[in-house]
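Down below is the structure, laid out as structure tokens.
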Amino acid sequence: MKPANSILSGYGTTVFEVMSRLAIEHGSINLGQGFPDEEGPEAVRRVAADALMAGPNQYPPMLGLPELRKAVADNNRRFYGLDIDWQSEVMVTSGATEALGDALFGLIEPGDEVVLIEPLYDSYLPIIRRAGGIPKIVRIEPPDWALPRAALEAAFSEKTKLILLNSPHNPSSKVFDVNDLRFIADLVERFDAYAVCDEVYEHLTFDGRGHTPLMTLPGMRNRCVRIGSAGKTFSMTGWKVGYITACADLLMPIAKAHQFVTFTTPPNLQKGVAHGLGLDDAYFTGLAGDMQAKRDRLGDGLRAAGFKTLESGGSYFLTVDYSPLGFTDGDEAFCRHITTEAGVTAVPLSAFYQKDGPRTFVRFCFSKRDEILDEAVARLRRHFGG
Ligand code: PMP
Ligand code: GLN
């Protein structure tokens, strides 16, 4: 048999799938893969359910239903003061994953350099490499994940096509502040580059941080591709509805990728999401507030169980250092160990590195019901004698 594409076949199954399967096999509480264990706002599901029954269930417009594109543009204005033309500057995709793929395939020419910040969400590198891009990876380091400015500057060159920026960041939960964003914006402008901004956790920031899209900084309006996800904003990760905001000149080539990848996204889900984006401010602040309380609940419990917790400024995740517990076999072995022996699953941080990642950190997901978080902590305390 002739070989399949060597770049993609070189990758194993994603860590999220591997750990979720292991959790099911062992009846473990799955705090690995990031997904809430509640169903999302009833009104949003009701609109989608009614639209499914009433129809139409045929192909919606390629760029997305007008009502959803208008809602995305309205949200850009409501939360960030951005003035967006819904007709030429917004596109709906089947999840942020597709949006990222469309943006990278649509913008990268073989040989272009792409600046990335490691640890890396799993879909970035395979797609960049498959698109012919050359990754230039800069690391942020625990415990504070500070942006290494000199290294970032050194990663940019005349060949840089774009930086892929994820904030709030998965898995570190770092929220890059305005000073970091200014530094990045300056580099993007100086090297005449673009920024693909993965902002799926835009409404999940804590302790009054708020979220600032890079796109709102001076000079960035026409250089940024801003990506959001209904999965995160409405706690329905299975829906896979994403949206891109970008100036028309950038959106056009990205739409070319979309038209050959999925072409459209289920119309009833788009109607539900359009309704969701129209919910009042209380919904969005409530979402972040509830999640912050869960972060604190899990963090307190994990500290009591003997873990050292790192700061989590946003997202669904809390990273911990387990070295105080005395386990020395590495983070993958640790995740397998707590899954099979304690009945709680996490994901190893080293999975977010190309190679030589840190070895004593794991990521727990706290977007779960309080009783589930409490039970997970109780199991870990029982196991480690905390
Ligand atoms: N980017 C990041 C950083 C994520 O954590 C996720 C969540 N899986 C995605 C993109 C993909 O989002 P979606 O489920 O909407 O495809
Ligand atoms: N974003 C989720 C996480 O980081 C998982 C997404 C996936 O399973 N592909 O856990």
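Farthest toward the positive end of the dipole of the chain, out of I227, P36, M19, is the Cα of M19, where the dipole comes from beta carbon charges about the Cα centre. Phi angles across segment 235-243 convert, under the Karplus curve 6.51 cos²θ - 1.76 cosθ + 1.60 with θ = phi - 60°, into 3J(HN,Hα) values of 6, 9, 5, x, 5, 6, 10, x, 8 Hz, Gly and Pro given as x. Taking other C-beta atoms within 10 Å as the exposure proxy, Y59, Y121, Y353 rank Y59, Y353, Y121 from fewest upward.
Only Lys, Arg, Asp and Glu carry charge here, each on its Cβ (+1 for the first two, -1 for the last two); on that basis the chain has a dipole of about 480 debye about its Cα centre. Taking each DSSP H run with n ≥ 4 as -39500 (n - 2.57) and averaging over every residue of the chain yields -12500 deg cm²/dmol at 222 nm. At full extension, R303 and D290 could sit 2.7 nm farther apart than now, given 0.36 nm per residue minus the alpha carbon distance. In terms of its C-alpha gyration tensor, segment 233-386 has a prolate overall shape, because the principal axis ratio a/c (a ≥ b ≥ c, square roots of the eigenvalues) is not below 1.5 and a/b outweighs b/c. Mean-square fluctuations from a GNM of the chain, with a 10 angstrom spring cutoff on Cα atoms, peak among F364, F260, F156 at F260. Taking 20 Å as the limit for the C-alpha separation, the pairs K308/K355; K70/K174; K136/K240; K136/K256; K232/K294; K271/K294 exceed it in the case of K308/K355; K70/K174; K136/K240; K136/K256; K271/K294. Assuming charge only on the beta carbon of Lys and Arg (+1) and of Asp and Glu (-1), the dipole of segment 193-241 about its Cα centre is about 160 debye to the nearest 20. Under the combined filter of DSSP loop state and at most 15 neighbouring Cβ atoms within 10 Å, segment 123-192 retains these GluC sites (Glu not before Pro): E158.
Of all DSSP bridge pairs formed entirely within the chain, close to 45 percent run antiparallel.
Computed from the coordinates by the stated procedures, all read-outs in this text should not be read as laboratory data. Being a predicted model, the structure only gives us computed values, none of them experimental. For neighbour counting, all protein chains shown are included, and Cβ atoms are generated from backbone atoms with ideal geometry for every residue, glycine included.
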